[in-house]
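Student: I am attaching a structure below and will ask some questions about it afterwards.
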Amino acid sequence: MDTPITVLPNDVQATIARITGEIEQHLIAVRRDLHAHPELAFEEVRTAGVVANELTRMGIAHETGIAQTGVVGIINGGRPGPVLAIRADMDALPIQERTDLPWASTKPGLMHACGHDIHTTTLLGVADVLHKIAPSLAGTVKLIFQPAEEAIGGAEQMIEAGVLEGPKVDMAIGFHNYPHIPVGEFSFCPGPALAAADMFTIEVHGKSGHAAHPYAAIDPIVAAATLITQLQTVVSREMRPLHPAVVTVGAINGGIAHNIIPDSVVIKGTVRTLHKEAQDIAERAIQRMCDGAEIAMRTRCTLTYERGVPAMLNDDRVLEPVVEAVRKQLGDVIHRREPSMGAEDFALMSQMVPAFQLGIGSGAPGRADRLHNSGYAPDEACIGLGVQALARAAVEILA
């Protein structure tokens, strides 16, 4: 455990860069270990153990077993101040890796294809830097290592377990790697930045019969096809043009034979919106279309509509100091981006405290990677750069 460092105001940039440089190779080794041993939502036992061991090595107080496999560390500054939470997700995806890297997944069918191994390691690096310079901080840093982001359930369970209390969090920073942004660059989006993600299931019930005699049956396949076409008008004819929305049918299942009209068809889909008004409009419209299909097509339609995570709101009170901190530490490398219709459960924290999610470029030169892809291979230089950006943000906020 190292002796704490008191950082002078004119030495912040150099101190953070120096400490990060000293630990960067260790962080890359940790990341490769995590990448080789991916774990799904709420199964991150080994990953949580690695996190806990690293925090113990640093001398950072922490708790384990929060929301099953979550870990929370605490760094107290040298004087009183606000509580800043910095959150990273830990879980992997059910994808067969196809990278042929020496540190590729050793678990068939599992892969860190979204870079949560990068996120976990980056936060460990931030923890190391901030712990070393803790006397210079005015306030507390709460390090949140969250399970089950991909399952969209980990943040909710951690909040229910009191992760935003004891000490009470005043503001929160999240971050995500973006392979479509070159390594060395960062991004931000004011206001609604990620979409609310809802799910719907429609069961269309008809009456089975012989395919040669459709008049004696009630065909749920034709009704389902009509309904799917109508669903596309939710966005084109019911939403305000400046309120983005996406309605996508991702699955349709019904029938098993060429010559049988089945009894039922199941349609599954998702609704993505950035505004609460659009979210409400979509749900009402889908219900109305299901009701109409019963009348027009003689079917019986059952709609199950599940509200998922809300839209993620980037608060200027956190966004602005973080953006300025990145520029102070690394130069003019952070740029504004458009909102995304993707979703993630850091949004739940953004609904409860002022929050901001930083985009960290992870795109390797000569590659065109995308998240959730079996060949995804981020540039590991994003780890050290992310550590510098987030550590400097914490310093500026808790100055």
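Student: Expressed as a rounded percentage, what relative contact order does the stretch 18-172 have, with Cα pairs under 8 Å and six or more residues apart?
Tutor: Values: 302 pairs, mean separation 52.3, N = 155.
For the stretch 18-172, the relative contact order is 34 percent.
Student: Can I ask one more? Using θ = phi - 60° and the Karplus form 6.51 cos²θ - 1.76 cosθ + 1.60, what ³J(HN,Hα) does each residue of the stretch 166-173 get, whole Hz, x for Gly and Pro?
Tutor: Each residue of the stretch 166-173 in turn: x, x, 5, 6, 9, 7, 9, 10 Hz.
Student: Would you grab the residues whose amide H sits under 5 Å from the one on Ala85? Only those 5+ places off in sequence or on another chain, please, with H modelled 1.01 Å from N.
Tutor: Amide H neighbours of Ala85, under 5 Å, 5+ apart: Lys142, Asp170, Met171, Ala172, Ile173.
Student: Follow-up question, since we're still on this one. Would you calculate, for the chain, the mean residue ellipticity at 222 nm contributed by helices, counting each DSSP H stretch of 4 or more residues as -39,500 (n - 2.57) and dividing by all residues, to the nearest 500? Before the final figure, lay out each step's value.
Tutor: Numbers: 10 runs with 140 residues, N = 399.
Here the helix-only value at 222 nm equals -11500 deg cm²/dmol.
Student: Which of Lys142/Lys276; Lys107/Lys168; Lys142/Lys328 have a Cα-Cα distance over 28 Å?
Tutor: Over 28 Å Cα-Cα: Lys142/Lys276; Lys107/Lys168.
Student: Something else now. Report which label in (i) 17.1; (ii) 21.3; (iii) 28.6 holds the value of mean projected area of the Cα convex hull in nm² derived from the coordinates of this structure.
Tutor: Recomputing mean projected area of the Cα convex hull in nm² here picks out (ii).
Student: Please label the shape of the stretch 1-79 as rounded, prolate or oblate, based on the square roots a ≥ b ≥ c of the eigenvalues of the alpha-carbon gyration tensor (a/c under 1.5 means rounded; beyond that, a/b larger than b/c means prolate, else oblate). Working shown, then result.
Tutor: On the way: a/c = 2.89, a/b = 1.63, b/c = 1.77.
In terms of gyration-tensor shape, oblate.
Student: Another question, if that's okay. Show me the three semi-axes of the equivalent ellipsoid for the stretch 304-399, from the C-alpha gyration tensor (sqrt of 5 times each eigenvalue), largest first, rounded to whole Å. Numbers along the way, then the final one.
Tutor: Working: eigenvalues 114, 101, 22 Å².
One finds semi-axes of 24, 22, 11 Å for the stretch 304-399.
Student: Take each of the peptides 218-224, 387-393, average the number of other beta-carbon atoms within 10 Å over its residues, and list them starting from the highest. The partial results should precede the final answer.
Tutor: Values: 218-224: 22.1, 387-393: 27.4.
Packing proxy ranking, top to bottom: 387-393, 218-224.
Student: Can you list the HN-Hα couplings for the stretch 71-82, worked out from phi with the Karplus curve (6.51, -1.76, 1.60; θ = phi - 60°), rounded to whole Hz and with x for Gly and Pro?
Tutor: 10, 10, x, 10, 10, 8, x, x, 8, x, x, x
Student: For the chain, what is the relative contact order in percent, using Cα pairs closer than 8 Å and at least 6 residues apart in sequence?
Tutor: Numbers: 927 pairs, mean separation 92.6, N = 399.
With pairs under 8 Å counted, the relative contact order is 23 percent.
Student: Starting from the amide H of Ala41, placed 1.01 Å from N in the peptide plane, find each other amide H under 5 Å away whose residue is 5 or more places distant or on another chain.
Tutor: Under 5 Å from the amide H of Ala41 lie the amide H atoms of Ala92, each far enough along the sequence or on another chain.
Student: Taking the Cα atoms of the stretch 196-306, report the difference between the largest and smallest coordinate on each principal axis, in whole Å and largest first.
Tutor: Sorted from largest, the Cα extents of the stretch 196-306 read 48, 23, 19 Å.
Student: Grab the Cα-Cα distance for Ile295 and Arg240, subtract it from 0.36 nm times how many residues apart they are, and report the gain in nm with one decimal.
Tutor: Numbers: separation 55, 0.36 × 55 = 19.80 nm, distance 2.79 nm.
Contour length minus the Cα-Cα distance gives 17.0 nm.
Student: What's the center-to-center distance, using Cα atoms, between the stretch 174-221 and the stretch 101-118 in Å?
Tutor: 26 Å
Student: Which loop-located trypsin sites (Lys or Arg not before Pro) does the stretch 269-345 contain, where loop means any DSSP state but H, G, I, E or B and the Cβ has at most 14 other Cβ atoms within 10 Å? Present the calculation step by step, with values, prior to reporting the outcome.
Tutor: Numbers: sites: Arg272, Lys276, Arg284, Arg288, Arg298, Arg300, Arg307, Arg317, Arg327, Lys328, Arg336, Arg337; in loops: Arg298, Arg307, Arg337.
When the trypsin sites (Lys or Arg not before Pro) of the stretch 269-345 are filtered for loop state and at most 14 Cβ neighbours within 10 Å, Arg298, Arg307 remain.
Student: Next up: Taking amide hydrogens as modeled 1.01 Å from N in the peptide plane, which residues meet the under 5 Å criterion relative to Gly361, leaving out close sequence neighbours?
Tutor: Tyr178, Gly184, Glu185, Phe186, Ser187
Student: What is the distance in Å between the Cα centroid of the stretch 326-391 and that of the stretch 234-286?
Tutor: 30 Å
Student: From Cα pairs below 8 angstrom and at least 6 apart in sequence, can you work out the relative contact order of the stretch 64-132, rounded to a whole percent? All intermediate terms of the calculation are to be shown ahead of the outcome.
Tutor: Numbers: 56 pairs, mean separation 20.9, N = 69.
Relative contact order for the stretch 64-132 comes out at 30 percent.
Any read-out appearing in this document is the output of simple, stated calculations on the displayed coordinates, not a laboratory observation. All of these numbers come straight from a predicted model, not from anything done at the bench. Neighbour counts are summed over all protein chains in view; Cβ atoms, including those assigned to glycine, are modelled from backbone coordinates with ideal geometry.
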